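Let me begin by presenting the structure, written as C-alpha cells, before commenting on it.
No value in this document is a laboratory result; all are computed from the given coordinates. Computed from a predicted structure; not experimentally measured. FYI the Cβ positions are ideal-geometry reconstructions off the backbone, even for glycines, and counts take in every protein chain you see.
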Amino acid sequence: MGSQSVTNMSVILLAMVMVSALSVVFVKYDSRLKFNQLKKEFREQDRLGVEWGRLQLEQNTWSTNNRIEKIARATLGLQAPTSQQLVYVKVK
C-alpha cells in the first residue's frame, strides 16, 4: 500500500466523519424544534380543554328549565295550560 492510497483513504474517512458529525448536529437541532412544537401543542390542548369546560358550564346555565320557562313567558307570552285546557288522549 503506497503513501498515496493511505492519504486518499484518510481524506475519505475524514469526509465521512465530517458528514456524520454534521448529520448528528442537524438531527439534534431538528429534534429540539419538534420537541418545542410538541410542548406548544400540549399547551394549546390544555387551553382548549379549559375553554371546553367553560363552554359546557355556560351551556348548562343557559339551558336550565327555569330560564327557558322565564323566557317563554316574557318573550313569547306562553303560559302553563289550565286543567280545563288539558286534553287526554287514550291510546289503544
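Inside segment 62-92, residues that are among the hydroxyl-bearing types (Ser, Thr, Tyr) and either surrounded by 10 or more Cβ atoms within 10 Å (Cβ to Cβ) or touching a Lys or Arg at 6+ places or on another chain (Cβ under 6 Å) (or both) make up a count of 1. With respect to the conditions (1) over 23 Å from the mean Cα position of the chain (by Cα); (2) surrounded by 10 or more Cβ atoms within 10 Å (Cβ to Cβ); (3) not β-branched (Val, Ile, Thr), Gln56 falls short on a single one, namely (1).
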